[in-house]
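This report concerns only the one structure given below.
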Amino acid sequence: PALAAGCTVVLKPAEWTPLTASLLADIARDAGLPDGVLNVVQGIGEEAGDALVRHPGVSRISFTGSVPTGRIVGAAAGRNLTPVSLELGGKSPMLVFADADLDAAVAQAVEQYDNAGQVCLAGTRLLVEASVRDEFLARFVERAGAVVQGDPRDEATDIGPQISREHFERVDGFVQRAKAAGLTPVIGGGPNEDLGGLYYRPTLFVDPEPGSEIVTEEVFGPVLTLQSFADEDEAVTMANETAFGLAGIVYTGDAERAERVSSRLVAGTVWVNCFFVRDLQAPFGGSRNSGVGREGGTWSFDFYADVKNTVTNQEHWTP
C-alpha cells in the first residue's frame, strides 16, 4: 500500500522470518522498480527496528507484531510525532450456533491450528451453543486426530513447528499454567515427543474459567479453548470479554442472526460461515489492543499520504 501511494519504503522483517522479505525485494528489482524505492533492512528489532522508528526522516510507521512491542514502537514514534499504523495481537472468538452447518464449523475450527497457531487472526476461542456442544466437541476431537504434524516442506503436512525455541517455551508456559490451574487438555497438552524439536501438539482445553489467562491472553500457538453459551446475548458477551478486537468468526444458518451478532462483536473483521477471505480493497485492522488504524484500498492512502487543501482566489488572474 505504501508503494501504491507513491512512498519509498524501508522494510524490516522479524529476525526469525527474513527470507520472504528478501525475496520480495528481488522480485521488485527484477520487475523494474527503481533502486531505493523498496529497501529491505535485516536485523534485530531492538537494534535495527529501534533505529528505524526513532529516525526523524521516517514519515510513517506501519508495524505488525505483539502488543508490548507495538507500545514500544508507538512511544518511540511519538518523540517525532510520526504517525503509526499498528496491527497487533488477537484472541478472536469463533461463535457456533445450533443452527450452523456443524460439519463446516468443525472443519473451520480445526483449521485454526494452521501455521502451528501462529496466526494473529485465528479464532482460538471456540464458543459453541450448549445444545450442540457435546456433538461439536466429539466431531472436533475426531477431526483433529487426523491432522498431520511434520515438516512443512512435505505436502502431506497440516501443521509445522513453532518459529523459535523461545516462542515454543512461551506456548508451553501457557499450557502448563492452565494445567496447573486445574484444566486437563482434551487433546495435546505438550510437545510432540515423536517429532522433537519445536513441534507442539495441537491442544484443546474445554470449559476454562471465564477471565482466566488461557481465555484472555494471546498464546500464538496451536492452543484452543472451548466454552458453551446458552443464547445469543451470552455468546456476544463472552466473545467481547477480552482486551482484543482483531477478528471474529460466526457460524449460523440464520442470516438475520448473522447480521445482528456481527454488528455487536468488537472486531475489525467478522467472517460469517467462512474464514480468512480477504479483499485487499476492504479495510483491515483491529480494535482495542489489536491495533490502531486501517489499511487496504483507499484506507491505505489515507494513512500513507498527507491531505493538502489549496484555496485559490480567481479575481487576481492575469487576463
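The values are calculated or read from the model by the stated rules, or taken from the named source; none is laboratory data. This structure is a prediction, so every number in the text was calculated from the model and none was measured. Positions of Cβ are generated from backbone atoms using ideal geometry, with glycine treated the same way; all protein chains shown enter the neighbour counts. Surface accessibility is based on the protein's heavy atoms, side chains included, excluding ligands, DNA and RNA. Shrake-Rupley method; radii C 1.70, N 1.55, O 1.52, S 1.80 Å.
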Please list, ordered by chain and number, the residues whose modelled amide H lies under 5 Å from the amide H of TYR200; skip anything fewer than 5 residues away on the same chain. GLN162, ASN192
Spelling it out for VAL272: with amide H atoms placed in the peptide plane at 1.01 Å from N, the residues 5 or more places away or on another chain with amide H under 5 Å from its amide H are VAL250
Radius 12 Å from Cβ of PHE174, net charge of other residues (Lys, Arg +1; Asp, Glu -1): -1
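Considering only the other residues whose Cβ falls under 14 Å of the Cβ of ASP233, what net charge follows from Lys and Arg at +1 and Asp and Glu at -1? Show your work: numbers first, answer last.
On the way: positive: ARG257, ARG260, ARG264; negative: GLU129, ASP231, GLU232, GLU234, GLU241.
Neighbourhood net charge equals -2.
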Accessible surface of the chain [probe 1.4 Å, protein heavy atoms]: carbon and sulfur percent: 53
Scan around VAL128 for amide H atoms under 5 Å from its own, H built in the peptide plane at 1.01 Å from N, and keep only partners 5 or more places away or cross-chain. VAL96, GLN227, SER228, PHE229
Label-point separation (nm) for LEU33 and ASP279, each offset 7 Å from Cα along Cα-to-Cβ? 2.6
May I ask for the distance between the Cα centers of segment 249-263 and segment 1-48, given as a whole number of Å? 39
Cα-projected label distance for GLU142 with ASP306, points at 7 Å along beta-carbon direction, nm: 6.3
Enter the accessible area per residue of the chain (Å², integer; probe 1.4 Å; all protein chains in place). 53
Checking the cross-link filter: which lysines have an alpha carbon closer than 29 Å to that of LYS12, excluding same-chain neighbours under 8 positions apart? LYS91
Under the Karplus relation 6.51 cos²θ - 1.76 cosθ + 1.60, θ = phi - 60°, what is the ordered set of whole-Hz ³J(HN,Hα) values for segment 200-208, x standing for Gly and Pro? 10, 5, x, 10, 9, 10, 10, 6, x
With the charge dipole of the chain built from beta-carbon charges (+1 for Lys and Arg, -1 for Asp and Glu) about the Cα centre, the Cα from THR237, SER62, THR20 projecting farthest to the positive end belongs to SER62
Per DSSP H run of n ≥ 4, the term is -39500 (n - 2.57); total these for the chain, divide by its residue number, and report the mean residue ellipticity at 222 nm rounded to 500 deg cm²/dmol. -8500 deg cm²/dmol
If you take every DSSP beta bridge fully contained in segment 160-285, what fraction is antiparallel? Give it as a percent rounded to 5. 20
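Let me check I've understood the local charge: for TRP16, count other residues with C-beta under 15 angstrom from its C-beta, Lys and Arg +1, Asp and Glu -1. What total comes out? Please list the in-between numbers first.
Values: positive: LYS12, ARG165, ARG170; negative: GLU15, GLU46, GLU47, GLU166, GLU169.
Spelling it out: positives minus negatives among the neighbours equals -2.
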Tell me, how many Å apart are the Cα centres for segment 196-234 and for segment 143-187? 12
Karplus couplings for segment 41-46 from phi (6.51 cos²θ - 1.76 cosθ + 1.60, θ = phi - 60°), rounded to Hz, Gly and Pro as x? 10, 8, x, 7, x, 5
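Report the antiparallel proportion of the DSSP beta bridges in the chain as a percent, rounded to a multiple of 5.
Among the beta bridges of the chain, antiparallel pairing accounts for roughly 15 percent.
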